[in-house]
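Notes for the one structure printed next.
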Amino acid sequence: MKYLVRHCVVFLLAALALAGQAQAEDFRVGFVNTDRIFREANSAKAAQVKLEQEFAKREKDLNDLGTALKTASDKFEREAPTLSEQQRGQRQKALIDQDREFQRKRREFQEDLNARKNEELQQVLDRANRVVKQVAEQEKYDLILQEAVYINPKHDITDKVIKALNNAR
């Protein structure tokens, strides 16, 4: 899909170049760096803080569980030579079960975090797209790009969008 969009944009720009100098001068193109918006916009920073607060307890619990598993594993390694075969087998099985549970919880945590992060970033992106549209309409841009291989800095309107996005709160 991105491949098709890129080729359509390239085709559009090439067609504009062929359409004539007078028309090309009237055509205004702008560029928005979404990565910068995600890093610098107040709403993106607030979303990051919100996620950190929301997942801090689970992350701490997960880290504590990992530390406990490591401690138990180290203890087993130290005591293994003195344990009977049956005790060694039982402790080994218990460690494997604990590790499996730890891995499952870590996977669930990562999936939940990624899902929430995507939700929050989508909200930021939706707001940013509304602001981009407002800036484009106010300043009479014909085309705004969000991805490009190269953009002349004079076409970059990211600062305007971040400023408008921060003021929109």
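The values are calculated or read from the model by the stated rules, or taken from the named source; none is laboratory data. As the structure is a prediction and not an experimental result, all values here were calculated from the model. In this analysis, Cβ positions are derived from the backbone assuming ideal geometry, glycine residues included, and neighbour counts consider all displayed protein chains. Protein only, heavy atoms only, side chains kept; ligands, DNA and RNA dropped before computing areas. Shrake-Rupley method; radii C 1.70, N 1.55, O 1.52, S 1.80 Å.
What spacing in nm lies between the two simple spin-label points modelled at F102 and L69, each 7 Å away from Cα in the Cβ direction?
Those two pseudo-labels are separated by 0.5 nm.
With the crude spin-label approximation of a point 7 Å out along Cα→Cβ, what separation in nm comes out for L145 versus F27?
With each label placed 7 Å out from Cα toward Cβ, I get 1.2 nm.
Let's test this: bin the Cα-Cα distances of region 34-128 at 10 Å from zero up to the farthest pair and state each bin's percent.
Per 10 Å bin, starting at 0, the Cα pair percentages come out as 15, 31, 21, 16, 11, 6, 1.
Relative contact order for region 66-169: what is it in percent, counting Cα pairs under 8 Å that are at least 6 residues apart?
After rounding, I find 23 percent.
Provide T71, T82, T34, T158 ordered by accessible surface of protein heavy atoms (probe 1.4 Å), highest first.
Working: T71 85, T82 115, T34 30, T158 0 Å².
Listed by decreasing accessible area, they come as T82, T71, T34, T158.
What lysines does K160 reach when the alpha-carbon gap must be under 27 Å and sequence neighbours fewer than 8 apart in one chain are set aside?
K2, K45, K50, K117, K133, K140
Please list, or write none, the lysines whose alpha carbon is within less than 28 Å of the alpha carbon of K70, excluding same-chain residues fewer than 8 places away.
Leaving aside lysines fewer than 8 places away in the same chain, those within reach of K70 are K57, K60, K93, K105.
Could you tally the net charge around T82, taking each other residue with its Cβ under 13 Å from the Cβ of T82, Lys/Arg +1 and Asp/Glu -1? Could the numbers behind the result be given before it?
Working: positive: K75, R78, R88, R91; negative: E77, E79, E85.
Computed value for this residue: +1.
If I model a spin label at E54 and N114 as a point 7 Å from the Cα along the Cα→Cβ vector, what separation in nanometres do I get?
1.6 nm
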